[in-house]
1. Examine the stretch 292-300 for a residue that is surrounded by 20 or more Cβ atoms within 10 Å (Cβ to Cβ) and farther than 26 Å from Phe28 by Cβ, and state whether such a residue exists.
2. Within the stretch 85-94, which residues are under 15 Å from Gly115 (Cβ atoms) and in a loop (DSSP other than H, G, I, E, B)?
3. Within the stretch 131-155, work out how many residues are more than 21 Å from the chain's Cα centre (by Cα) and of a type outside the set (D, E, K, R).
4. How many residues are under 22 Å from Val59 (Cβ atoms), assigned to a helix (DSSP H, G or I) and among the acidic types (Asp, Glu) when one looks only at the stretch 312-371?
5. Would you pick out the residues in the stretch 73-84 that are among the hydrophobic types (A, V, I, L, M, F, W, C), assigned to a helix (DSSP H, G or I) and more than 13 Å from Tyr119 (Cβ to Cβ)?
6. Looking at (1) under 19 Å from Leu10 (Cβ atoms); (2) in contact with a Lys or Arg (Cβ under 9 Å, 6 or more places away or on another chain), can you tell me which one Gly34 breaks?
7. Regarding the stretch 311-325, can at least one residue be identified that is more than 18 Å from the chain's Cα centre (by Cα), within 21 Å of His31 (Cβ to Cβ) and of a type in the set (Gly, Ala, Ser)?
8. Report, by residue number, each residue of the stretch 35-62 that is farther than 11 Å from Ala127 by Cβ and in a helix (DSSP H, G or I).
Amino acid sequence: MKIKDNSINLIADWILNSGIQSPVGGFFSWHNLGSREYSYLYSEITGYGITTLLFLYSVSGDNVYIKRAVEAADWIIKTSMHPCGGVRTRLYKDDSKANREYSFSGARIFSFDTGMVLYGMVSIYKATGKKKYLDASTKLAEFLLEKVQREDGSLSPIYDANIDEQIEPSDKWSSQSGAFHAKVSMGLADLFDVTQKGIYKKVAIRICNNAISAQERSGRFVTDRILKTTHVHPHSYAAEGLWYTGNSLKIADFTKSAKKAAEWSFKCVLTSGINELYNPISDSFSNFQRSDILAQTLRLGAICSIADSKIGLLRDLLLSYQFINNRSKQRGGFFYCRENRDINSWCSMFSLQALMLDQDRGLISNGFLLV
């Protein structure tokens with residue numbers, strides 16, 4: 001199948017030719033148009049990069065996408081993976097002087113980042129059959145099972161490899177144990193499919209069941225246990241993980257939960273977009289919008305088979321974030337928000353898939369790679 005939509009072709013071209021994937025294989029978080037500089041290399045985003053490239057390969061059949069996915073996976077194995085089995089977070093230009101909470105040198109391993117890389121690593125193994133990727137996948141999974149898994153099915157958000165302890169700062173949603181960890185179950189479900197080792201299936205199910213316990217009757221996931229608020233970005237992660245794992249393992253309760261979450265997201269769509277944070281105490285949203293949330297919501301509409309009059313509005317709003325400049329090699333990428341000049345990697349990847357699925361829902365099938 002050839003990609004016919006020019007907006008989508010531009011994103012695919014941007015992923016290959018903008019420099020957002022570094023020469024060493026890892027993906028940068030963003031490129032700033034003002035400074036003309038790339039940010040840090042990011043393991044989580046490189047995981048998305050692998051699945052994005054493989055998704056494009058499945059649609060186009062162009063081997064360049066396999067080649068680039070291999071380069072990304074090899075960077076993870078050679079540079080990002082820590083001896084404990086997890087992946088380090090961000091590689092800065094001068095990592096020794098960077099924020100140690102996220103820097104490679106700080107050795108704080110985020111379970112979510114590791115899960116996103118696991119999904120990408122299993123996917124590249126399935127595409128190439130090369131044993132080194134299965135070995136890496138197993139090592140990543142064993143880290144999740146041995147270092148951050150908890151008895152109630154939740155995952156500790158962070159493992160400090162320097163002191164061999166789980167930590168949970170809880171200052172924001174990404175440093176808490178939460179429903180968004182349901183997306184980690186995707187890699188575990190795929191690893192079960194590859195190896196038929198029941199422990200991976202068991203843990204994937206436990207993670208998803210724990211996520212559902214954080215879902216309100218309205219469909220929204222509480223993403224901050226302290227403030228009881230819902231950030232739509234990790235809310236979407238929870239729905240994505242439940243949908244994928246529910247379909248993979250044939251568990252209807254998971255897919256039903258995902259659809260309920262998607263329906264809540266669509267109720268949040270305004271003519272101007274979707275604000276990122278909901279506070280149930282004031283029953284109000286923050287006044288800040290991001291392209292990744294628009295893309296995730298549009299994609300959830302496709303995968304959960306939602307027929308809503310806001311679909312077209314979402315697509316138009318999302319496309320308004322695309323950078324179109326014939327003289328720039330950043331042409332085709334997506335701005336993170338309207339307030340800065342960053343062309344963002346994961347926003348562009350999510351947008352690519354959301355727009356493609358909106359155009360052709362027939363792409364959603366068994367073996368479908370959810371970026």
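The values are calculated or read from the model by the stated rules, or taken from the named source; none is laboratory data. Because the structure is predicted, anything quoted here is derived from the model rather than measured. Quick reminder, even Gly has a Cβ in these numbers, built from the backbone with ideal geometry, and neighbours come from all protein chains shown.
1. Let us first name the residues in the stretch 292-300 that are surrounded by 20 or more Cβ atoms within 10 Å (Cβ to Cβ), namely 292-300.
Adding the requirement that they be farther than 26 Å from Phe28 by Cβ leaves 300.
Yes, there is a match, as at least one residue in the stretch 292-300 is surrounded by 20 or more Cβ atoms within 10 Å (Cβ to Cβ) and farther than 26 Å from Phe28 by Cβ.
2. We begin by selecting, within the stretch 85-94, every residue under 15 Å from Gly115 (Cβ atoms); these are 85-89.
Hits for the stretch 85-94 are Gly85, Gly86, Arg88, Thr89.
3. First, pick out the residues of the stretch 131-155 that are more than 21 Å from the chain's Cα centre (by Cα): 131-132, 135, 146-147, 150-152.
Still in the running and of a type outside the set (D, E, K, R): none.
Looking only at that region, the number is 0.
4. Residues in the stretch 312-371 being under 22 Å from Val59 (Cβ atoms), assigned to a helix (DSSP H, G or I) and among the acidic types (Asp, Glu): 1 in total.
5. Filtering the stretch 73-84 down to residues among the hydrophobic types (A, V, I, L, M, F, W, C) leaves 73, 75-77, 81, 84.
Next cut, assigned to a helix (DSSP H, G or I) only: 73, 75-77.
Result: Trp75, Ile77.
6. Gly34 satisfies every listed condition except (1).
7. First pass over the stretch 311-325, keeping only residues more than 18 Å from the chain's Cα centre (by Cα): 311-317, 319-325.
This time we only want the ones that are within 21 Å of His31 (Cβ to Cβ), so: 319-325.
Now drop any that are not of a type in the set (Gly, Ala, Ser), which leaves 320.
There is at least one residue in the stretch 311-325 that is more than 18 Å from the chain's Cα centre (by Cα), within 21 Å of His31 (Cβ to Cβ) and of a type in the set (Gly, Ala, Ser).
8. Our first condition is that a residue be farther than 11 Å from Ala127 by Cβ; within the stretch 35-62, this holds for 35-49, 52, 56, 59-62.
Within the stretch 35-62, Ser43, Glu44, Ile45, Thr46, Gly47, Tyr48, Gly49, Thr52, Leu56, Val59, Ser60 qualify.
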